[in-house]
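S.K.: Just dropping this structure here.
Any read-out appearing in this document is the output of simple, stated calculations on the displayed coordinates, not a laboratory observation. From a predicted model like this one, the values you see are computed outputs, not experimental measurements. Virtual Cβ from ideal backbone geometry, glycine too; neighbours counted across all protein chains shown.
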Amino acid sequence: MNEFTAELIGTMLLIILGNGVVANVVLKGTKGYNGGWMVITTGWALAVYVGVVIAAPYSGAHLNPAVTFALAIVGKFAWSKVIMFIIAQLIGSIIGAVIVWIVYRDHFNTTNDPNTEMAAFCTAPAIHNRLFNFLSEIVGTFVLVFVIFYFTNAEITDAKTPIGLGSLGAIPVAFLVWSIGLSLGGTTGYAINPARDLGPRIAHAVLPLKAKCSSNWKYAWIPIIGPFIGAAIASGLFMLLQ
């Protein structure tokens, strides 16, 4: 395991479990059908926990281009590695989305609403208002990055312990993402992670879905650019307060 593979596998697991819980709740005929927002936000929080546990000892478990960007801004991560990490995260997110599609193939085929199918891949706003959708992603990512700086010093620095007490360092990240989802996620589905949205959106665009619709590329810039801006603001405030 090296930094690249850790980010790839960690992000892949994040998407398998995160998009997996969405698929379980929204696709017809699943055991979790209509499970609700609490199930989705809890599933995503635990997905973050699993991804961080795997990647943290090797890469610091960014799993998010906005987090990588923020760490570089504050001088806690080398700019020379930023592109490598983002590529790993994007590849991992695409692979994760494809795996979810394979696992839930029968349920994708049973679901006739193309927008519901797309929801198991990428985010979409509850109310289409680009300004406020954009602000929602900025604020959500600001909270994510700013709080991470304080309770983990931006990365987990415990000894390389794949299991056991060392893994408990990932729990605060899970609670943070859970809180963001419950409190701020109702507007856009809280991407707060460019790779989380872009990778699965690419997968949605190329996979042979039964109920195919546009991958809504006109909206896609919001969950990509918004998190980077939120991360930059969080980084600036963090440095100002030091």
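S.K.: Filter the stretch 1-34 down to the residues that are small (Gly, Ala, Ser) and on the phi > 0 side of the Ramachandran plot and list them by number.
M.R.: Gly29
S.K.: Can you tell me how many residues within the stretch 193-211 are basic (Lys, Arg) and part of a helix (DSSP H, G or I)?
M.R.: Total satisfying the criteria: 2.
S.K.: Can you find a residue in the stretch 1-9 that is of a type outside the set (Lys, Arg), crowded, with 22+ Cβ neighbours inside 10 Å, in contact with a Leu (Cβ under 9 Å, 6 or more places away or on another chain) and over 17 Å from Ile202 (Cα atoms)?
M.R.: Yes - at least one qualifying residue is present in the stretch 1-9.
S.K.: Let me ask something else about it. Provide a single number: the residues in the stretch 1-35 that are more than 17 Å from Ile83 (Cα to Cα) and either within 20 Å of the chain's Cα centre (by Cα) or not β-branched (Val, Ile, Thr) (or both).
M.R.: 24
S.K.: Given the criterion farther than 18 Å from Tyr190 by Cα, crowded, with 24+ Cβ neighbours inside 10 Å, more than 13 Å from the chain's Cα centre (by Cα) and not charged (D, E, K, R), identify the matching residue among Ala72, Ala56.
M.R.: Residue meeting the stated conditions: Ala56.
S.K.: Also, I was wondering about something else. When the residues of the stretch 197-242 are filtered to those that are within 19 Å of Gly20 (Cα to Cα) and of a type in the set (A, V, I, L, M, F, W, C), which remaining residue is farthest from the chain's Cα centre (by Cα)?
M.R.: Here the residue is Ala211.
S.K.: Is it the case, given these coordinates, that Leu63 is over 20 Å from Asn109 (Cα atoms), in contact (Cβ under 8 Å) with a residue 60 or more places away in the chain and of a type outside the set (Phe, Trp, Tyr)? Quick ask: steps written out before the conclusion?
M.R.: Details: over 20 Å from Asn109 (Cα atoms): yes; in contact (Cβ under 8 Å) with a residue 60 or more places away in the chain: yes; of a type outside the set (Phe, Trp, Tyr): yes.
The answer is yes for Leu63.
S.K.: State the number of residues belonging to the stretch 20-54 that are assigned to a helix (DSSP H, G or I) and over 16 Å from Asp106 (Cα atoms).
M.R.: Counting residues in the stretch 20-54 that are assigned to a helix (DSSP H, G or I) and over 16 Å from Asp106 (Cα atoms) gives 18.
S.K.: Residues that are closer than 17 Å to Ile148 by Cα and touching a helix residue (DSSP H, G or I) at 6+ places or on another chain (Cβ under 7 Å): does the stretch 76-89 have at least one?
M.R.: yes
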